[in-house]
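Below is one structure, written out as C-alpha cells; comments come after it.
The values are calculated or read from the model by the stated rules, or taken from the named source; none is laboratory data. All values derive from a computational prediction rather than experimental measurement. Backbone-built Cβ (ideal geometry, glycine too); neighbour counts: all protein chains shown. What goes into the accessible areas is simple: the full protein's heavy atoms, side chains included, and nothing from ligands, DNA or RNA. Shrake-Rupley method; radii C 1.70, N 1.55, O 1.52, S 1.80 Å.
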Amino acid sequence: MMILGLVRWMQPVHGYDVRRELLSWSADKWANVQPGSIYHALRKLAEEGLLRAVATEQVGARPARTTYEVTQKGDDEFETLLRAQWWQLHEVPDPFVAAFSFLPAMPREEAAAALRNRANLLRAGVESMRASLDSDWVRNSKPVHVSWMFELWLARAEAEVAWCGRIAELIESGVSYLPAGVAEAEGWSGWTDGGPPPGQEEK
C-alpha cells in the first residue's frame, strides 16, 4: 500500500524518489518497508498490472531509471487496501509479547529489571518524538496529520511505560503467576518461577 500510494501521489516517478521519500518518513521503522526491496516491489507491481512503466532513462554510467505511473487497476487496489486499514483492526505481531508469555522462565529480579529497562528505552523514544513534534521540521514542513500520527505513537509508548512499571512492581512483590487452583494442576508443572522445568535441574 505504501509504495502504491506514493507512486499515485508523486507520479510519474522513478524508484529512487520513492525510496528517498519513504526513508524521509522513516517508513522502514514503522511500516515494515525495507529500502532494499523497493525496486523489486515496483517491478512486481508492474508485472501485476498495478503500475506501468512510462519511461526508462540512463545518465552516464548510472543504472537505468524506470519511471512509473499507477494504472486504473492499481488505483482501485490502493483504495481497497487503504480502506481495509482504516476500517479494520489489525493486531501487529510483537516479539516481546511472545517472550513475555514465558515470564515464569525468567528470574523475578531479571524480569523486573528488563521491564524497567524497556520503560527507559520507551521514555527515550518519547522524548525524541516530543522533540520532533516541537520542531520546525514538523510544524512548518509536514502536513498536520503527521503530527497527529506522532501523537498516536506517543500515547502508545506512554501507556506501555506505565504498564512496565506496574508489572515490574507486581513481579518483585512475589505475586503468584498462577491462580491457586491451577498451580498444582496437571500440565502446569513447567511453570517454575525462574528455574528450570522439573526434571531438568542441575545434578
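In the set A119, A131, only one residue is in contact (Cβ under 8 Å) with a residue 24 or more places away in the chain and out of contact with any strand residue (DSSP E or B) (no Cβ under 7 Å at 6 or more places or on another chain); that residue is A119.
Within region 77-119, being within 24 Å of E169 (Cβ to Cβ), in a loop (DSSP other than H, G, I, E, B) and charged (D, E, K, R) holds for one residue alone: D94. Is one or more of the residues making up region 136-143 open to solvent by less than 60 Å² (accessible area, probe 1.4 Å) and more than 29 Å from E172 (Cβ to Cβ)? Checked region 136-143: at least one residue is open to solvent by less than 60 Å² (accessible area, probe 1.4 Å) and more than 29 Å from E172 (Cβ to Cβ). Checked against the criterion of being modelled with pLDDT of 80 or more, open to solvent by 80 Å² or more (accessible area, probe 1.4 Å) and of a type in the set (D, E), the candidates E77, E69, E57, E47 yield just one match: E47.
For L4, are the conditions met, namely being touching a Gly at 6+ places or on another chain (Cβ under 7 Å), assigned to a helix (DSSP H, G or I), over 19 Å from H145 (Cβ atoms) and modelled with pLDDT of 85 or more? Taking the combined requirement at face value, the residue does not satisfy it.
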